[in-house]
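A.B. asks: My questions will all concern the structure given below.
The values are calculated or read from the model by the stated rules, or taken from the named source; none is laboratory data. These numbers were taken from a predicted model, which means no experiment stands behind them. Note that each Cβ is placed from the backbone with ideal geometry, even for glycine, and that neighbours are counted across all protein chains shown.
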Amino acid sequence: MRTLITLGATVVIAGLIGMGAAFGIGTAAKDSTTVGSTASSSGSSTSTGSGGGQALFPSLSGSSGFSAAYGSR
Amino acid sequence: MTAAAVAAATAEQAPGPVPAARKGFAAHWPHLLPPVLAAMVAAPWLGRGYLLGYDLVFTPSMPLSSSLLGMGTGLPRAVPSNLVLALLQQLLPGDLLQRVVLIGLLLGAGWGVLVWLRSAPNAVRAVAAIAYLWSPYLYERLAIGQWAVLIGWAALPWTVHLCGRLGDAARERAPAASVRLALLLSVPAVGGFAAQQICALGVLAVGLTTTGAARVRVLLVGLGACALWSLPWLVPTLTHPGGAVSDPAGVAAFTARADTRLGSLGSVLTLGGIWNGLAAPPGRDSWAGSLCALALLLLALAGARRLTAHLGRRLSLGLALMSALAVAVAVAGLVPGVRVLFADALPVVPGLASVRDGQRLIAVLALLECAALGFGAAALADRLHRLQLDRRLSFAIVALLPLVAVPSLAWGLAGTLTPVEVPSDYLAAARVVDASPGAGAVMVAPWGLYRPYDWNNGRPVVDIATLLMSRYTITDTDLPVAVGGSGVIRSVPGEDPWSARIGRIISGPGDHTRQLAAAGIGFVYLEQQPPAVGGGTVQGLAGATAVYRSPDVTVYRLPGPIAAAPAGVTSPDRLHLIEAADLLVLLVLGTLAAALLLPSGAPLSLRRPPVGAATQPATEDQLP
């Protein structure tokens, strides 16, 4: 009986650790490539500058995606 | 556990000096664990470059300016932390300083737990130190870049330890113990109010549960020091032009959230639950991650009885009470009635915003739980021993469990927090601004505080330009928070009235040059990615002159007349008040440090003369 309990407890603990490691590391690896902004950083707006010429510039207001969210709930 | 076993455990683990049997490596091996764990976290930080993410901003250059003292129209959230960084940057390069600070925090936290539990068995201390250092709490606060909060986390075990020493000190030794505690509490003061709140909970945990003169001593010295060291941020806050009130939207945005399958409360009780889903440890929301977290909590509960026997009922109760308070604050925004009350109070009660992200206070719960976990490992070892299994096996399993529960803490948060080089044109543009004649503050654009720079792998970080110039910079202080993964952004308005005014100007139609100049803006520091093509002036800045242009940054000088900055930035009375407070703090700090460091016999010195030099025979209390 004692051997059975020991074996069972060992399997449960080892399984818990194994699953935690597998899920945790797997998700960490996956998320390490996706953690980042919730806004795109590729935006720009077209404007005609007073100094002459057609130019690609972001707007002052930041609506072109140059800003990122502080986080996500 | 039987009463006999409890008695035996109590006798074995009673507080007291380190057992004489422990010598050399056998006595001190747990002290190697914090460096090993710190190395596992910091291994990718060995190269040059800056670790940037959310609020974690160290820059190659941080010029000294009055805004670092708290002069400005925003609340002084980074005071005095950024001032201290700017001063230290006179001695060390910014990236090296960042490594010293972050790795120092990891070592300080781990060694603090070992010192606090110095009379416990080494295996218990080791498990406790590993669990405190390798926790979801550390991951989350590191991921969101709040290194200043982590100062409080690292200083907490030292605070509890020195409060206990002061409470136990004989009358002759009380002055030196008081000075040591006061000096220690100046460390979290560098982190500002958040770090100080954490350590104040530690002071209260000890102070409220001691009795008689010891209680008065601990509370008076501990809370008095906290109050005195608060002056550098408290004075700017009290003299803040808009009052220190905040928007009610902060309650919904910054209250704790579930990052496990154990619910919000379960997540907080397992030392996570930060409001920001992007800062939660990956995998913690899986069933396996949640079960690991739960297993650690249950093991800690299993060790609670032994911990109580070791620390004493009063201190255990004090830590439990403060932990309960921290958890209550962390989840307050989730309770419907309390949430409404909290939201109603935020715009009225000054300073209440300091607890809207209450989850950071659970550092005190982390300390309690991790110490209990060490004793839980001892309880498990006893049970396994009865089953003919090696006691060391259970300690090894429990010691590994925190690492398995948060594996992504390794290798710089699983490679997400690694060094990057700041493009040189950001600095060059900042130098041009500082060297340019003309009045006015610098508006940092595009309007938004956090940037997903390409060169930072798209990881959001506070706009680095806000720290690169000695000229006053102004940017958006609203905090955009994405809700529910839907891409919907809910903005939590900031507390800076000048910033709000600029935001209204640039969101309006037409040309903004005159309006910005009339609002006190002399320069626009415009960041652009991808690089601009051709020349010209950005829409809305007609008549402005480009004084610097590079692929990443263009700086415009606005034509005059430029209006004066608001009184919060320029008021000499406010500046003198802040300077006086800072000088007072430095004076007291210097005096206390001198009292500890000066040799005996010198004025102010608290050092005791050598025993042999005493004219009177030394009493037992005077012996070292």
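A.B. asks: If I filter segment B:377-398 for residues that are crowded, with 20+ Cβ neighbours inside 10 Å, in contact with a Cys (Cβ under 8 Å, 6 or more places away or on another chain), hydrophobic (A, V, I, L, M, F, W, C) and in a helix (DSSP H, G or I), do I get at least one hit?
C.D. replies: No, segment B:377-398 contains no residue that is crowded, with 20+ Cβ neighbours inside 10 Å, in contact with a Cys (Cβ under 8 Å, 6 or more places away or on another chain), hydrophobic (A, V, I, L, M, F, W, C) and in a helix (DSSP H, G or I).
A.B. asks: Could you please find all residues in segment B:57-92 being over 18 Å from B:Thr477 (Cα atoms), in contact (Cβ under 8 Å) with a residue 60 or more places away in the chain and more than 21 Å from the chain's Cα centre (by Cα)?
C.D. replies: B:Pro60, B:Ser61, B:Pro63, B:Leu64, B:Ser65, B:Ser66
A.B. asks: Across segment B:270-287, what is the total count of residues that are surrounded by 23 or more Cβ atoms within 10 Å (Cβ to Cβ) and closer than 17 Å to B:Leu298 by Cα?
C.D. replies: From segment B:270-287, those surrounded by 23 or more Cβ atoms within 10 Å (Cβ to Cβ) are B:270-276, B:278-284; that's our starting set.
This time we only want the ones that are closer than 17 Å to B:Leu298 by Cα, so: B:270-272, B:284.
Residues meeting the conditions: 4.
A.B. asks: In the list B:Leu417, B:Leu403, which residue meets the criterion of being part of a helix (DSSP H, G or I) and crowded, with 17+ Cβ neighbours inside 10 Å?
C.D. replies: Among B:Leu417, B:Leu403, only B:Leu403 is part of a helix (DSSP H, G or I) and crowded, with 17+ Cβ neighbours inside 10 Å.
A.B. asks: Pairs only if they're at least six apart or on different chains, beta carbon under 8 angstrom, first in segment B:591-616 and surrounded by fewer than 12 Cβ atoms within 10 Å (Cβ to Cβ), second of a type in the set (D, E, K, R) and at pLDDT below 80; list them, first residue then second.
C.D. replies: Once the first residue is surrounded by fewer than 12 Cβ atoms within 10 Å (Cβ to Cβ) and sits in segment B:591-616, its partners that are of a type in the set (D, E, K, R) and at pLDDT below 80 give B:Pro599/B:Arg607; B:Ser600/B:Arg607; B:Ser600/B:Arg608.
A.B. asks: Shifting gears a bit: If you check B:Val364, B:Val338, B:Val327, which single one turns out to be in contact with a helix residue (DSSP H, G or I) (Cβ under 9 Å, 6 or more places away or on another chain), part of a helix (DSSP H, G or I) and over 20 Å from B:Tyr132 (Cβ atoms)?
C.D. replies: On the way: B:Val364 fails: over 20 Å from B:Tyr132 (Cβ atoms); B:Val327 fails: over 20 Å from B:Tyr132 (Cβ atoms).
The conditions single out B:Val338.
A.B. asks: Considering only residues that are crowded, with 24+ Cβ neighbours inside 10 Å and small (Gly, Ala, Ser), which ones fall in segment B:223-245?
C.D. replies: B:Ala225
A.B. asks: Looking at segment B:289-310, which of its residues are buried (at least 23 other Cβ atoms within 10 Å of the Cβ) and either under 18 Å from B:Leu409 (Cα atoms) or among the charged types (D, E, K, R) (or both)?
C.D. replies: At the first step, the residues of segment B:289-310 found to be buried (at least 23 other Cβ atoms within 10 Å of the Cβ) are B:289-290, B:292-293, B:296, B:299-300, B:303, B:306-307, B:310.
Once the filter is applied, which keeps residues that are buried (at least 23 other Cβ atoms within 10 Å of the Cβ) and either under 18 Å from B:Leu409 (Cα atoms) or among the charged types (D, E, K, R) (or both), segment B:289-310 yields B:Gly289, B:Ser290, B:Cys292, B:Ala293, B:Leu296, B:Arg306.
A.B. asks: For segment B:331-357, name all the residues that are more than 21 Å from B:Val149 (Cα to Cα), surrounded by 15 or more Cβ atoms within 10 Å (Cβ to Cβ) and hydrophobic (A, V, I, L, M, F, W, C).
C.D. replies: B:Leu334, B:Val338, B:Phe342, B:Ala343, B:Leu346
A.B. asks: Sticking with this structure for a sec: Can you pull out the residues in segment B:488-512 that are more than 8 Å from chain A (Cβ to nearest Cβ), assigned to a helix (DSSP H, G or I) and of a type outside the set (Val, Ile, Thr)?
C.D. replies: Those that are more than 8 Å from chain A (Cβ to nearest Cβ), assigned to a helix (DSSP H, G or I) and of a type outside the set (Val, Ile, Thr): B:Pro497, B:Trp498, B:Ser499, B:Ala500, B:Arg501, B:Gly503, B:Arg504.
A.B. asks: For residues in segment B:197-211 being of a type in the set (Gly, Ala, Ser) and in contact (Cβ under 8 Å) with a residue 40 or more places away in the chain, which is surrounded by the fewest Cβ atoms within 10 Å (Cβ to Cβ)?
C.D. replies: Here is the first cut: in segment B:197-211, the residues of a type in the set (Gly, Ala, Ser) are B:200, B:202, B:205, B:207.
When the remaining residues are screened for being in contact (Cβ under 8 Å) with a residue 40 or more places away in the chain, the result is B:202, B:205, B:207.
Values: B:Gly202: 28, B:Ala205: 29, B:Gly207: 23.
Once the filter is applied, the top-ranked residue is B:Gly207.
A.B. asks: Sticking with this one: Kindly provide the set of residues from segment B:568-608 that are touching a Phe, Trp or Tyr at 6+ places or on another chain (Cβ under 7 Å) and over 25 Å from B:Val187 (Cα atoms), ordered by number. Please lay out each step first, then the result.
C.D. replies: Initial filter on segment B:568-608 (touching a Phe, Trp or Tyr at 6+ places or on another chain (Cβ under 7 Å)): B:569, B:585.
Across segment B:568-608, the qualifying residue is only B:Val569.
A.B. asks: Determine which single condition B:Arg557 fails, assuming it passes every other condition in (1) buried (at least 20 other Cβ atoms within 10 Å of the Cβ); (2) in contact with a strand residue (DSSP E or B) (Cβ under 8 Å, 6 or more places away or on another chain); (3) at pLDDT below 95.
C.D. replies: Unmet condition: (3).
A.B. asks: Starting from residues that are acidic (Asp, Glu) and closer than 16 Å to B:Ser67 by Cβ, keep the ones in segment B:477-501 and report whichever is surrounded by the most Cβ atoms within 10 Å (Cβ to Cβ). Full working, then the answer.
C.D. replies: The first filter runs over segment B:477-501 and keeps only residues acidic (Asp, Glu), leaving B:478, B:495-496.
Checking the rest, the ones that are also closer than 16 Å to B:Ser67 by Cβ come to B:495-496.
Values: B:Glu495: 21, B:Asp496: 24.
Checked segment B:477-501; the qualifying residue surrounded by the most Cβ atoms within 10 Å (Cβ to Cβ) is B:Asp496.
A.B. asks: Please determine whether any residue of segment B:423-446 is within 28 Å of B:Asp259 (Cβ to Cβ), within 13 Å of chain A (Cβ to nearest Cβ) and not in a helix (DSSP H, G or I).
C.D. replies: Checked against the condition, which is being within 28 Å of B:Asp259 (Cβ to Cβ), within 13 Å of chain A (Cβ to nearest Cβ) and not in a helix (DSSP H, G or I), segment B:423-446 yields no hits at all.
A.B. asks: Moving on. With respect to B:Val461, is the statement that it is under 30 Å from B:Arg490 (Cβ atoms) and more than 10 Å from chain A (Cβ to nearest Cβ) true?
C.D. replies: Judged against the criteria, B:Val461 is not a match.
A.B. asks: On to the next question. Return yes when B:Ala320 is over 15 Å from B:Ala378 (Cα atoms) and under 24 Å from the mean Cα position of the chain (by Cα) and no when it is not.
C.D. replies: Against the criterion (over 15 Å from B:Ala378 (Cα atoms) and under 24 Å from the mean Cα position of the chain (by Cα)), B:Ala320 qualifies.
A.B. asks: Sticking with this one: Go over the candidates B:Ala249, B:Ala288, B:Ala280, B:Ala227 one by one and state the one that is under 18 Å from the mean Cα position of the chain (by Cα), among the small types (Gly, Ala, Ser) and either within 14 Å of chain A (Cβ to nearest Cβ) or at positive phi (or both).
C.D. replies: Going through B:Ala249, B:Ala288, B:Ala280, B:Ala227 in turn, the sole match is B:Ala280.
A.B. asks: Please state which of the following conditions B:Arg313 fails to meet, knowing it meets all the rest: (1) within 14 Å of another protein chain (Cβ to nearest Cβ); (2) under 22 Å from B:Gly202 (Cβ atoms); (3) free of Cβ contacts under 8 Å to residues at least 24 places away in the same chain.
C.D. replies: If we test B:Arg313 against (1) within 14 Å of another protein chain (Cβ to nearest Cβ); (2) under 22 Å from B:Gly202 (Cβ atoms); (3) free of Cβ contacts under 8 Å to residues at least 24 places away in the same chain, just (1) comes out false.
A.B. asks: Same structure again: Exactly one of (1) surrounded by fewer than 24 Cβ atoms within 10 Å (Cβ to Cβ); (2) more than 10 Å from chain A (Cβ to nearest Cβ); (3) over 20 Å from the mean Cα position of the chain (by Cα); (4) more than 30 Å from B:Gly94 (Cα to Cα) is unmet by B:Leu373. Its number?
C.D. replies: Unmet condition: (1).
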